[in-house]
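Worksheet for the structure shown next.
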Amino acid sequence: MNRPVGSVQYNNQGRVVIVTGIGGGIGLAIARAFADSGARVFGFDLNTDAALPYSEVIEAIKLDVSDFCQVDKAVEAIADKCGGVDILVNNAAIQPIDSFKPLHEMDPALLKRMLEVNIGGYNWPAKCCLPHMIKQQIGVIVNIASAHAAHSSREVPGYGPTKAANRMQAIQWAIEYARNGVRALSISPGAIDTPMVRASLEMQGGEGALANRHPLGRLGQTEEIAAAVLWACSPGASFVTATNIDVDGGLGGFGAFADPYTMPEKYTGPGRKNT
Ligand SMILES: NC(=O)c1ccc[n+]([C@@H]2O[C@H](COP(=O)([O-])OP(=O)(O)OC[C@H]3O[C@@H](n4cnc5c(N)ncnc54)[C@H](O)[C@@H]3O)[C@@H](O)[C@H]2O)c1
């Protein structure tokens with residue numbers, strides 16, 4: 001029996017939106033959803049090829065979000081051209097295959113890069129957009145964090161902690177600028193079908209196992225994250241700030257994010273090791 005499921009429509013006409021990481025799965029879906037609802041959308045990425053087919057509605061700017069000067073220049077150009085910035089979605093982040101290692105085995109240069117991109121690359125766009133939002137006395141910042149921000153698995157010593165920082169960055173900014181009309185929050189996806197996740201499927205036990213860790217029994221779609229972002233930036237969420245929204249198919253409700261250890265052949269019973 002088909003039951004009605006309802007529908008949602010947003011009007012973002014005239015709003016100026018910046019989305020980082022529009023060359024990837026989630027960022028591009030967010031930018032497209034804003035464009036479809038009438039916003040003027042600018043996208044930052046090191047590689048803007050994926051946004052090429054949408055060049056009429058998404059203005060792609062090639063830059064490195066971890067470089068303050070590049071971000072500052074781009075944000076000022078956008079604000080000059082459009083008269084302000086209404087929404088920032090921090091989304092560009094990295095989780096390279098080589099980062100799936102315990103901390104003591106991790107390449108220090110890679111760990112440093114993850115901190116620069118995943119934390120610095122969220123700070124700089126916010127730092128540059130905030131003066132405009134304060135001047136306007138209105139603005140919304142959404143940080144795309146991760147289920148890994150609050151629930152961990154093994155071998156994510158770079159990724160998990162940086163995603164936790166994204167949650168706290170949003171809370172910090174929300175508290176600081178609440179009286180300036182600025183809302184800030186984070187959205188934490190479960191596993192979403194994107195190039196980032198496809199690249200690391202093997203490390204995460206394969207698609208079936210990863211999907212099965214979500215009570216809904218599947219990977220999420222990029223549009224499902226975009227839908228949450230559009231709501232978070234809408235007047236419908238006007239009393240929502242300094243918080244996190246899990247969009248994770250129920251993943252966070254489970255006690256364990258992943259099978260944490262290889263099953264021992266034999267349970268050795270209670271007692272303390274290492275004493
Ligand atoms: N896919 C998932 O399952 C999942 C789950 C939880 C959280 N997330 C988060 O969602 C966000 C997007 O993830 P995704 O899966 O779409 O990733 P993705 O790898 O598909 O896209 C990320 C984009 O960011 C860009 N980028 C990377 N470093 C950059 C830099 N220094 N400057 C500018 N652009 C840069 C990349 O070029 C890429 O286009 C990330 O913050 C990620 O942590 C993803």
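What to note about this one:
- Some residue of segment 170-187 being in contact (Cβ under 8 Å) with a residue 24 or more places away in the chain, part of a helix (DSSP H, G or I) and within 10 Å of the ligand (Cβ to nearest atom): no
- Counting only residues that are of a type in the set (Asp, Glu) and in contact with a Phe, Trp or Tyr (Cβ under 8 Å, 6 or more places away or on another chain), segment 66-101 holds 2 of them.
- Some residue of segment 76-92 being part of a loop (DSSP other than H, G, I, E, B) and in contact with a His (Cβ under 8 Å, 6 or more places away or on another chain): yes
- Subset of segment 194-222 (residues that are buried (at least 17 other Cβ atoms within 10 Å of the Cβ), of a type outside the set (A, V, I, L, M), in contact with a strand residue (DSSP E or B) (Cβ under 8 Å, 6 or more places away or on another chain) and not in a helix (DSSP H, G or I)): 214, 220
- When segment 201-234 is filtered for residues that are near the ligand (Cβ under 9 Å from one of its atoms) and among the small types (Gly, Ala, Ser), only 220 remains.
- Scan of segment 92-150 for residues that are near the ligand (Cβ under 8 Å from one of its atoms) and of a type in the set (Val, Ile, Thr), ordered by number: 94, 117, 144
- Unmet criterion (only one of (1) under 24 Å from residue 136 (Cβ atoms); (2) in contact with a strand residue (DSSP E or B) (Cβ under 8 Å, 6 or more places away or on another chain); (3) more than 8 Å from the ligand (Cβ to nearest atom)) for residue 63: (3)
- Lone qualifier among 21, 84, 27 - being on the phi > 0 side of the Ramachandran plot, within 16 Å of the ligand (Cβ to nearest atom) and in contact (Cβ under 8 Å) with a residue 60 or more places away in the chain: 21
- Flag if residue 130 is more than 20 Å from residue 233 (Cα to Cα), hydrophobic (A, V, I, L, M, F, W, C) and either out of contact with any Cys (no Cβ under 7 Å at 6 or more places or on another chain) or assigned to a loop (DSSP other than H, G, I, E, B) (or both): no
- In segment 41-50, the residue that is farthest from the ligand (Cβ to nearest atom) out of those that are among the hydrophobic types (A, V, I, L, M, F, W, C) and surrounded by 23 or more Cβ atoms within 10 Å (Cβ to Cβ) is 41.
- Here residue 38 does not fit the description of being more than 8 Å from the ligand (Cβ to nearest atom), surrounded by fewer than 24 Cβ atoms within 10 Å (Cβ to Cβ), without any contact (Cβ under 8 Å) to a residue 24 or more places away in the chain and on the phi > 0 side of the Ramachandran plot.
- Flag for residue 71 being buried (at least 21 other Cβ atoms within 10 Å of the Cβ), closer than 20 Å to residue 126 by Cα, in contact (Cβ under 8 Å) with a residue 24 or more places away in the chain and more than 10 Å from the ligand (Cβ to nearest atom): no
Laboratory data are not the source of any read-out in this text; all were calculated from the coordinates shown. Remember, predicted model here, so these are calculated numbers, not experimental data. Note that we place each Cβ from the backbone using ideal geometry, even for glycine, and neighbour counts take in every protein chain shown.
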